[in-house]
Amino acid sequence: MYKFVAIDLDGTMLNQYGIVTERTKQAIQKAKEKGINIVIASGRPIDSIKSIAKEIGADHYFIAGNGALIYDMKKDEILYEKYMDKQKILEIIRLCEENSISYNIYTQTTIIAKALKYNVLYYHKENLKKEENKRTKITIVDDVEDYVAHLENAQFLKMTICDESKVVFQSIIRKLRQIQGIEVLDVLHMSRKMIRQGTEEVPIEYHYTEISSKQVDKWHAIEFLKQQLLLSRQEIIAIGDNMNDKKMIEEAGLGIAMGGSTPQITQVADYVTDTNQEDGVAKALEKFCLAFP
């Protein structure tokens, strides 16, 4: 029945250490052998997703920047794109600087930040385990506004705003909502990820939101592929855990939430699988794609 499965990465396909388990890889391979399109749908930039897509054999399409672009790996080209305006990026940078709040900018090729903090620290630690050509590129600069202002031909996917203080974070959200022409994601819980420091496990916890251009989300990108592949909505599965997955989980023929997802995702899902620490993606594929001849 199902011919297309869109799968989020962080908190979904990847466990808390940023790894795709062998059970998940095997389930993805078996689904592919049945002719099912496995499509990563993530907020990450192109190169960060591409290395994981190659690792799991999801070698045709993937969705980056929360739906800002679709990449065709077979043709090695961008199939669909909807970027943020540079002037909007600069406006948000100034607002963050005035309020002393952490932010970073995702382009097609890199993540621009002032320091290795929050999600950027997590990507940095993930990079240490990868070969050079499979790493998520991170660009650290002192003056981000000046750097972005002088960037030529850069394509901006999204921005991420982060802070440990809920009060500070809520204050900046109110100000961001006054800016026209952008989408500010409603994220109502802290991000919690783990990194290893020697033999110790250290949590990274922070409040965050993601900002994109208007009408950019993973479902809009999936709809584009749906038309390309001549699929019906009922033939599509979407699996995720967070607010940037909400629309695709609501709209897909079968919307699957990970165990431990934010409550708003669990409420709109058709089915709740196990957590990303318990091979929830593999179990969902086994149940809905592999259990039938």
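The values are calculated or read from the model by the stated rules, or taken from the named source; none is laboratory data. Note that the coordinates shown come from a computational prediction; the quantities given were computed from them, not determined experimentally. Reconstructed Cβ throughout: ideal geometry from the backbone, glycine too, with neighbour counts over all protein chains shown.
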Of all residues in the range 1-19, how many are among the polar types (S, T, N, Q) and surrounded by fewer than 22 Cβ atoms within 10 Å (Cβ to Cβ)? 2
Quick check on my filter: what residues within the range 177-216 are over 24 Å from Ile92 (Cβ atoms) and free of Cβ contacts under 8 Å to residues at least 12 places away in the same chain? Gln197, Gly198, Thr199, Glu200, Glu201, Val202, Pro203
Among the residues in the range 206-215, are any hydrophobic (A, V, I, L, M, F, W, C) and surrounded by fewer than 18 Cβ atoms within 10 Å (Cβ to Cβ)? no
What residue, of Val120, Val187, is assigned to a loop (DSSP other than H, G, I, E, B), surrounded by 17 or more Cβ atoms within 10 Å (Cβ to Cβ) and of a type in the set (A, V, I, L, M)? Val187
Segments classed as helices (runs of 4 or more DSSP H), wholly inside the range 1-101, with at least 2 members that are under 20 Å from Met248 (Cβ atoms) and outside the structural domain of Val148 (by TED's automatic domain parsing): 22-33, 46-56
Hits in the range 1-42 (condition: hydrophobic (A, V, I, L, M, F, W, C) and without any contact (Cβ under 8 Å) to a residue 12 or more places away in the chain): Ile19
For the condition modelled with pLDDT of 90 or more, in contact with a strand residue (DSSP E or B) (Cβ under 7 Å, 6 or more places away or on another chain) and closer than 30 Å to Gln264 by Cβ, what is the one hit in Ile204, Ile140, Ile161, Ile179? Ile161
Answer from Lys214, Lys158, Lys226 - the residue that is of a type in the set (D, E, K, R) and either within 30 Å of Lys287 (Cβ to Cβ) or out of contact with any Gly (no Cβ under 7 Å at 6 or more places or on another chain) (or both): Lys226
State all residues of the range 246-291 that are free of Cβ contacts under 8 Å to residues at least 24 places away in the same chain and either among the aromatic types (Phe, Trp, Tyr) or in contact with a strand residue (DSSP E or B) (Cβ under 7 Å, 6 or more places away or on another chain) (or both); if no residue qualifies, say none. Ile249, Gly255, Ala257, Gly259, Thr266, Val268, Ala269, Asp270, Tyr271, Val272
Of all residues being polar (S, T, N, Q) and modelled with pLDDT under 95 in the range 253-276, which is nearest to Met13 (Cα to Cα)? Just the residue, please. Ser261
So, in the range 208-224, how many residues would count as being among the hydrophobic types (A, V, I, L, M, F, W, C), assigned to a helix (DSSP H, G or I) and in contact with a helix residue (DSSP H, G or I) (Cβ under 7 Å, 6 or more places away or on another chain)? 3
Given (1) aliphatic (A, V, I, L, M); (2) touching a helix residue (DSSP H, G or I) at 6+ places or on another chain (Cβ under 8 Å); (3) part of a helix (DSSP H, G or I); (4) within 27 Å of Thr262 (Cβ to Cβ), index of the condition Val148 fails: (4)
